[in-house]
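Colleague: Here it is, the structure in full.
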Amino acid sequence: MISGLSKKVIFFSLLFINFIQPSKSSELLKINKNTNNQNTKFLWSNTFIEKILSSNSKSFSHKNSLVNLLKKNFDSFFVAKAEKQQELIIQSDKQSEINNVIYAEGNVSVSFKGKLLRADNLIYDKSNKKINAKGNIVLILGDQLFKVSQLEYSFLSEKGFLLDVKGSINTNNLIDDLSSNFSLLDSNKIENLLEFKKKEVLNTPGKIENWLFFTDKISIDGQKWESKKAVFSNDLLESKQVKLAINSLTVISEAEKLRFKSSINYLIFEEKVVIPFWLGDRTLTKSGEFLDFANRWNFGYENLDKDGYFISRKFNSLDITDDFVLDLEPQFLIQRSLKGYTNSFVKKNESITSDRVKRNTSFADYFALKSQIKGPIKNWDLEIDKNLNSLDFDKLQDAFRFKTELSKEIDLFNSKWEKSFYGIYRERVWNGSLGEAEIYSGYGSKLQKQNTWIVDGIKKSEFLTFGLANITAEALNTKKLLTNLKGSLFYSLDQKFPISFEGPKKKSIDISYKYIPKPITKGLSINTRVEALYSFYENGNHQEYLGLGIGPELIFGNFQNKTFDYTRISLLPFYKFSNGESVFKFDQNNEDLTLEISFDQQLYGPILLKSFGILNLTNDSNDYGEFIDSKISLNWKKRSYEFGIFYQPHNQAGGIAFSLYGFK
């Protein structure tokens, strides 16, 4: 039996070899075992930092500071050493071995293959390759952190469990952290990682990578981890605003990916409102993009193609091949079924550009289907979208809509561009005062890039695209279909110039921010827009315009008080110097002067009214003084999520929108 007296570390026997007597040097023990034809070593030592320093007190005038510094680097050394060798390294206040079983007590720290575990007590059975830890267990895997009350795992059967688990995961690094070692820098993050709930956080726009989760038990069986119920929260400040209760969670580790499965789950708002949803199967790859928690049930309004209100549910994704997945969303058309007729189709055997008429319905007309196929082809991404607005075979030609795109990112002129090829069948396009236009079919290619940057406080956003396509669509001045080759070049630049701005003192937020994910930047700014378009057609037609716009944007309030503490008003007059004419209806430049109006207003607490519209001010237009594009929504806005009901009067469409916000 080998008993320890104090903090045990190998590192200091090497570092202070010239400061101590041989009888006081570290005692090193390595036990070699053969496991799965790999040389696995169990290593620990007895080294007394305090004794080393006390015997050389004259050489260390700041003994306490040095002790803290050295202890802070223990884990860095062990993680780095375990990375390079197949070693299980155990350090603790006390250690002993009886009958091939290692007992470690007090401040236990274990490193294996670059992973780090801390606990109050640990037992390792070398014969059965079984580890058991209890009390304040912390398991650190790169940016992934687990706090556990008890851990048990067998390296032979690859089975075990974790009890009372609290965790913090980063989906962007999860695959790499579970499959690879990490550097010294990673282990130095430990003190920051140990705090689950942060005092301050930064919003990560457009992505959610960091999650808090809680579960009573995780069972491990080889490559499969299971939990009866796991609770996730994207709010790193507190988890009360929104939680995701995932039932029957199963995580399966596969090559270069993790597969997640679950049964019925629940969104829990403010600890009071519970909404069921189906997460289904999700796959996490190294991109970190898998946690799409949008509800699989959807309630919407679409008058032109679906005759009004409808309800739909997304099925679990189906793996067609190893790389391609199929998503299906059946829809039940509520309003069409209640009316018993439809106004969404043209008269039978008439041109698709004809006016829609009232037609009788069959039972199959009450159902619709939306589907999508996605997957990579070498270094290209393929996406195929299909819509069936009726399952009646007699209306199939009119009800079917299709779009496919093959795209990839390329480097060109020292910048990132997207190159794509596409095909379409029956696409609806809204073109301002001209209304809805129909593209019957088309195929083509486009090259585009977009970029956003800030220079001297001025935010700039640009968009550039080149396109060439063969299109069959509704003609400009008749209802006939016309086929023509079209080429186009388009450029736009939006800029925001701060005039009188009061920026937040810091970009982070704390728990006092109940309604917003980031601080409000208040004040007056001037928005400008420049657009240029040139289009040419096979028959010799062409059209071009230069568009200029400038207008104010005013933001005041902090969105922290309960009533009228946030207002945003934006006006942008836009004038086009245009020339020429298109052969098609869907892309004709028809308005010379428009006014974009945006108005957002907090009403009470998290209730936010948002509105947007484009007012037609072209003198000779039939729609002068009318909104040719518009959207209004009533939102429930909180720090970690936003829920809203919206309606678009111009195309008679609406629905429900829900989003979660990410933090770090």
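The values are calculated or read from the model by the stated rules, or taken from the named source; none is laboratory data. All of these numbers come straight from a predicted model, not from anything done at the bench. Virtual Cβ from ideal backbone geometry, glycine too; neighbours counted across all protein chains shown. To get the accessible areas, we keep the full protein, side chains included, count just its heavy atoms, and leave off ligands, DNA and RNA. Shrake-Rupley method; radii C 1.70, N 1.55, O 1.52, S 1.80 Å.
Colleague: Select from region 417-442 the residues that are in contact (Cβ under 8 Å) with a residue 24 or more places away in the chain and not in a strand (DSSP E or B) and write down the one among them that is most open to solvent (accessible area, probe 1.4 Å).
Modeller: For region 417-442, the residue satisfying everything is LEU434.
Colleague: Next question. Among the residues of region 612-624, write down those that are farther than 29 Å from GLN335 by Cβ, without any contact (Cβ under 8 Å) to a residue 40 or more places away in the chain and assigned to a strand (DSSP E or B).
Modeller: Once the filter is applied, which keeps residues that are farther than 29 Å from GLN335 by Cβ, without any contact (Cβ under 8 Å) to a residue 40 or more places away in the chain and assigned to a strand (DSSP E or B), region 612-624 yields only LEU615.
Colleague: Right, another one. For region 296-360, list the strands (runs of 3 or more DSSP E) that sit wholly inside it and hold at least 1 residues that are under 31 Å from the mean Cα position of the chain (by Cα), of a type outside the set (Val, Ile, Thr) and surrounded by 14 or more Cβ atoms within 10 Å (Cβ to Cβ); which are they?
Modeller: Output list reads 297-302, 308-313, 325-332.
Colleague: Quick one: which residue in SER512, SER492 is among the small types (Gly, Ala, Ser), out of contact with any Ser or Thr (no Cβ under 6 Å at 6 or more places or on another chain) and in a loop (DSSP other than H, G, I, E, B)?
Modeller: SER512
Colleague: Show the residue pairs meeting these rules: Cβ distance below 9 Å; 6+ apart or different chains; first residue within region 234-247 and at positive phi; second residue open to solvent by less than 30 Å² (accessible area, probe 1.4 Å).
Modeller: Every condition considered, no pair remains.
Colleague: Here's a check for you: in region 222-245, which residue that is small (Gly, Ala, Ser) and assigned to a strand (DSSP E or B) is farthest from ARG639 (Cα to Cα)?
Modeller: The qualifying residue farthest from ARG639 (Cα to Cα) is SER227.
Colleague: Taking region 301-344 only, how many residues are touching a strand residue (DSSP E or B) at 6+ places or on another chain (Cβ under 6 Å), of a type in the set (A, V, I, L, M) and at pLDDT 90 or above?
Modeller: Result for region 301-344: 5.
Colleague: Separate question: Pairs needed: first member in region 510-534, at positive phi; second member anywhere, hydroxyl-bearing (Ser, Thr, Tyr) and open to solvent by 40 Å² or more (accessible area, probe 1.4 Å); C-beta distance under 7 Å; at least 6 residues apart or different chains.
Modeller: Within 7 Å, the pairs are GLY523/SER500.
Colleague: Further question on the same structure: Does LYS585 satisfy being touching a residue at least 40 places away in the same chain (Cβ under 8 Å) and closer than 27 Å to GLN543 by Cβ?
Modeller: Judged against the criteria, LYS585 is a match.
Colleague: Which residues, counting only those in region 448-477, are in contact with a Lys or Arg (Cβ under 6 Å, 6 or more places away or on another chain) and under 14 Å from PHE586 (Cβ atoms)?
Modeller: GLY467, ALA469, ILE471, GLU474, LEU476
Colleague: Next question, about the same structure. Identify all residues within region 624-647 that are more than 19 Å from the chain's Cα centre (by Cα) and open to solvent by 40 Å² or more (accessible area, probe 1.4 Å); write none if there are none.
Modeller: TYR624, GLY625, GLU626, PHE627, ASP629, LYS631, ILE632, LEU634, TRP636, ILE645, PHE646, TYR647, listed by residue number.
Colleague: Still on this structure, I have one more. Being in contact with a helix residue (DSSP H, G or I) (Cβ under 8 Å, 6 or more places away or on another chain) and basic (Lys, Arg): is that true of LYS199 here?
Modeller: No: the conditions fail for LYS199.
Colleague: Give the residues of region 535-586 that are more than 29 Å from ILE509 (Cα to Cα), assigned to a loop (DSSP other than H, G, I, E, B) and either open to solvent by 20 Å² or more (accessible area, probe 1.4 Å) or among the aliphatic types (A, V, I, L, M) (or both), sorted by residue number.
Modeller: GLU538, ASN539, GLY540, ASN541, GLU581, VAL583, LYS585, PHE586
Colleague: Within region 246-286, take every residue that is basic (Lys, Arg) and either modelled with pLDDT of 80 or more or in a strand (DSSP E or B) (or both) and give me the one that is most open to solvent (accessible area, probe 1.4 Å).
Modeller: The residue in question is LYS272.
Colleague: Conditions first: (1) surrounded by 15 or more Cβ atoms within 10 Å (Cβ to Cβ); (2) modelled with pLDDT under 95; (3) under 22 Å from LYS459 (Cα atoms). ASN527 passes all but one, so which condition is the exception?
Modeller: Every listed condition holds for ASN527 apart from (2).
Colleague: Taking the conditions exactly as written (assigned to a helix (DSSP H, G or I), at pLDDT below 90 and open to solvent by less than 40 Å² (accessible area, probe 1.4 Å)), does ASP365 satisfy them or not?
Modeller: The answer is no for ASP365.
Colleague: Would you pick out the residues in region 411-428 that are under 30 Å from ASN477 (Cα atoms) and modelled with pLDDT of 90 or more?
Modeller: PHE421, TYR422, GLY423, ILE424, TYR425, ARG426, GLU427
Colleague: Sticking with this one: For residues in region 478-509 being in contact with a Lys or Arg (Cβ under 8 Å, 6 or more places away or on another chain) and basic (Lys, Arg), which is surrounded by the fewest Cβ atoms within 10 Å (Cβ to Cβ)?
Modeller: LYS507
Colleague: Same structure, new question: Please find, within region 153-173, the residue that is nearest to LYS126 (Cα to Cα) out of those that are crowded, with 17+ Cβ neighbours inside 10 Å and among the small types (Gly, Ala, Ser).
Modeller: My answer is GLY160.
Colleague: Which count do you get for residues in region 398-416 that are in contact (Cβ under 8 Å) with a residue 40 or more places away in the chain and either acidic (Asp, Glu) or open to solvent by 60 Å² or more (accessible area, probe 1.4 Å) (or both)?
Modeller: Of the residues in region 398-416, 1 are in contact (Cβ under 8 Å) with a residue 40 or more places away in the chain and either acidic (Asp, Glu) or open to solvent by 60 Å² or more (accessible area, probe 1.4 Å) (or both).
Colleague: In addition: If you scan region 574-601, which residues turn out to be touching a Gly at 6+ places or on another chain (Cβ under 7 Å) and either farther than 30 Å from GLU474 by Cβ or modelled with pLDDT under 95 (or both)?
Modeller: Hits for region 574-601 are ASN590, GLU591.
Colleague: A further question follows. Just the residues that are over 16 Å from ILE597 (Cβ atoms) and part of a loop (DSSP other than H, G, I, E, B), please, taken from region 625-638.
Modeller: Within region 625-638, LYS638 is the sole residue that qualifies.
Colleague: Could you check, for region 455-466, whether at least one of its residues is buried (at least 17 other Cβ atoms within 10 Å of the Cβ) and assigned to a loop (DSSP other than H, G, I, E, B)?
Modeller: Checking region 455-466: not a single residue is buried (at least 17 other Cβ atoms within 10 Å of the Cβ) and assigned to a loop (DSSP other than H, G, I, E, B).
Colleague: Ok, one more. Which residues, counting only those in region 648-664, are part of a strand (DSSP E or B), open to solvent by less than 50 Å² (accessible area, probe 1.4 Å) and either touching a residue at least 60 places away in the same chain (Cβ under 8 Å) or touching an Asp or Glu at 6+ places or on another chain (Cβ under 6 Å) (or both)?
Modeller: Across region 648-664, the qualifying residues are ALA653, GLY654, GLY655, SER659, LEU660, PHE663.
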